[in-house]
Amino acid sequence: MKKIKYVFIIFSLCCVCGCEKARHTGIYKEGTYYGSVPFTSYGENYVTTAVLYVDHYGEIKSCFIDSTYIKDGVKTTKKTLKDAYGMKETSSNIGVLEGGKEWYEQVEAIEKKVLLEQDLDWVKWTDQEKTKLDLDVISGVTISADSYIEAVSQALEQAK
């Protein structure tokens, strides 16, 4: 009877301990990290910003990318403008995104890809100078994202 009791106890412990998920440990330090890249477009100066949050397991848990913008003489950001930024029609006319997508929808795809991959190893460049991105690796993105990737890269460097 004692043997059965011990076997039952060991079996119970194995079941309880065995049910716990193994936790993947990331490669980054816990914290919030920032990157920013100034750029000029159509004669105006703007700044792209990336904010990454890394949890105590070393995993990227949030990625936020935005860019300053001037619309009708008012300084704002592209995410703040949402649909008023007016990119949906342009992206639809390019013919790659049926119905088109707004800027914030496209940048959300980049943010999600960073979370999924936990790095920027998926980024491909179309030139040796690394000035032109090939974003075909992200479905639903037609925007020029060089400054967005650079801002995320700066934040990741701080997190290492």
State all residues of the range 86-95 that are of a type outside the set (A, V, I, L, M) and surrounded by 18 or more Cβ atoms within 10 Å (Cβ to Cβ); if no residue qualifies, say none.
-> SER91
State the number of residues belonging to the range 117-156 that are at pLDDT 95 or above and hydrophobic (A, V, I, L, M, F, W, C).
-> 4
What number goes with the only condition from (1) over 26 Å from LYS160 (Cβ atoms); (2) touching a Leu at 6+ places or on another chain (Cβ under 6 Å) that ASP146 does not pass?
-> (1)
Which of the residues that make up the range 96-118 are open to solvent by less than 40 Å² (accessible area, probe 1.4 Å) and more than 30 Å from GLY26 (Cα to Cα)?
-> LEU97, GLY100, GLU102
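With respect to ASP121, is the statement that it is exposed (fewer than 13 other Cβ atoms within 10 Å of the Cβ), under 13 Å from the mean Cα position of the chain (by Cα) and not hydroxyl-bearing (Ser, Thr, Tyr) true? Steps first, please.
Working: exposed (fewer than 13 other Cβ atoms within 10 Å of the Cβ): yes; under 13 Å from the mean Cα position of the chain (by Cα): yes; not hydroxyl-bearing (Ser, Thr, Tyr): yes.
Here the answer is yes, as ASP121 does meet what is asked.
The values are calculated or read from the model by the stated rules, or taken from the named source; none is laboratory data. Keep in mind the model is a prediction, meaning the values are calculated, not measured. A quick note on method: Cβ atoms are made from the backbone with ideal geometry, for glycine too, and the neighbour counts reach across all protein chains shown. The accessibility values were calculated without ligands, DNA or RNA, using every heavy atom of the protein model including side chains. Shrake-Rupley method; radii C 1.70, N 1.55, O 1.52, S 1.80 Å.
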